[in-house]
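The values are calculated or read from the model by the stated rules, or taken from the named source; none is laboratory data. Just so we're clear, the structure is a prediction, and the values are computed from it rather than from any experiment. All Cβ positions, glycine included, derive from the backbone under ideal geometry; neighbour counts span all protein chains shown. Accessible surface areas use protein heavy atoms only, side chains included; no ligands, DNA or RNA. Shrake-Rupley method; radii C 1.70, N 1.55, O 1.52, S 1.80 Å.
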Amino acid sequence: MITPVTHLDEFRARASRASRRSRHLELRRGRAMHLLDIENLVGSTRPTTSEVEEVMTIYEALVPTGLMDHYVVAVNHTALLAVGIAFHGVRLLARSGPDGADSALAETAYQDRIDLRFERVVIGSGDGFFVDLARWLTEAGLHVTVVSRPGSLSRRLSTTVRDIIPLEPPTQHAA
């Protein structure tokens, strides 16, 4: 037996969809996800704790952050201890091999559906591996920023993302 659709049923269905969309927009508002390939930002496959702390001091001075921001940091397993000591309160991923950290970050972004939970995404890497992720996030309506060391930014990534922040130490001015 087919149940006739009433105007009330149609209204409820539309209201439910609008309510879900509204909840997602509220959840996203003002929040950022920082996806950091720390080896790429430091410029070493075996970064030391002090190198990571130095890079993050520069990163935090250059990149706007908020209280609701989340950080996911990926490294190869040989750098896990040194990087883990430098970070507190982040999600730390370890994967070795070619593009290991990159693929761990991308998989996390897709599986966790960060497109529904965040307004901005900061990709801390200049690797071309992130082109598809950046494109997906941009198409989902998120503001995507790339932070990369000068000379390490993939040409494809630089043409995909409009907001690029070069990760370089502030220049010292003579007094």
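Taking the dipole about the Cα centre of the stretch 53-175, with the C-beta of Lys and Arg at +1 and of Asp and Glu at -1, give me whichever of Met56, Val73, Val146 is farthest to the positive side.
Highest projection toward the positive end goes to Val146.
Name the long-range amide H neighbours of Val122: under 5 Å, sequence gap of 5 or more, or other chain; modelled H, no Pro or chain starts.
Under 5 Å from the amide H of Val122: Met33, His34, Leu35, Thr145.
For the stretch 54-175, which whole-number percentage of the solvent-accessible area (1.4 Å probe, protein heavy atoms only) is attributable to carbon and sulfur atoms? Could the numbers behind the result be given before it?
Values: 3580 of 6690 Å².
Here carbon and sulfur together make up 53 percent of the probe-accessible area.
With θ set to phi - 60° and the Karplus curve 6.51 cos²θ - 1.76 cosθ + 1.60, what are the ³J(HN,Hα) couplings of the stretch 119-135 in order, to the nearest whole Hz, using x for Gly and Pro?
Here the 3J(HN,Hα) series is 8, 10, 10, 10, 9, x, 4, x, 5, x, 3, 8, 4, 5, 5, 4, 5 Hz.
If amide hydrogens are placed 1.01 Å from N in the peptide plane, which non-local residues have theirs closer than 5 Å to the one on Ile165?
Here Val146, Val147, Ser148 satisfy the definition.
Express the accessible area of the stretch 39-168 per residue in Å², computed with a 1.4 Å probe while the remaining protein chains stay in the model.
Working: 6570 Å² over 130 residues.
Accessible area per residue, the stretch 39-168: 51 Å².
Does the stretch 69-123 come out rounded, prolate or oblate, given a ≥ b ≥ c as the square roots of the eigenvalues of its C-alpha gyration tensor, rounded meaning a/c under 1.5 and, failing that, prolate meaning a/b above b/c? Mind dumping the intermediate values first?
Working: a/c = 2.85, a/b = 1.42, b/c = 2.00.
Since a/c reaches 1.5 but b/c is at least a/b, the shape of the stretch 69-123 is classed as oblate.
Can you list the residues, at least 5 places off or on another chain, whose amide H is less than 5 Å from the amide H of Leu93, using H built in the peptide plane?
Excluding prolines and chain starts, which carry no amide H, the hits are Val73, Ala74, Val75.
Given charges of +1 on the Cβ of Lys and Arg and -1 on the Cβ of Asp and Glu, with all other atoms neutral, how large is the dipole of the stretch 99-175 about its Cα centre, in debye to the nearest 20?
Using Cβ point charges on Lys, Arg, Asp and Glu, the stretch 99-175 gives about 220 debye.
Determine the shape class of the stretch 56-173: with a ≥ b ≥ c the square roots of the Cα gyration tensor eigenvalues, call it rounded for a/c under 1.5, and otherwise prolate if a/b is greater than b/c, oblate otherwise.
Working: a/c = 1.25, a/b = 1.03, b/c = 1.21.
Taking the square roots of the gyration eigenvalues as a ≥ b ≥ c, the stretch 56-173 is rounded.
Ordered by packing density, taken as the mean number of other Cβ atoms within 10 Å over each peptide's residues, highest first, how do 102-108, 60-66, 149-155, 48-54 rank?
On the way: 102-108: 19.0, 60-66: 11.7, 149-155: 13.6, 48-54: 16.0.
Listed from highest to lowest mean packing, they are 102-108, 48-54, 149-155, 60-66.
I want the local charge near Val42. Using Cβ-Cβ distances under 12 Å, sum +1 for each Lys or Arg and -1 for each Asp or Glu among the other residues.
Details: positive: Arg46, Arg149; negative: Asp37, Glu39, Glu51, Glu53, Glu54.
Once positives and negatives cancel, what remains is -3.
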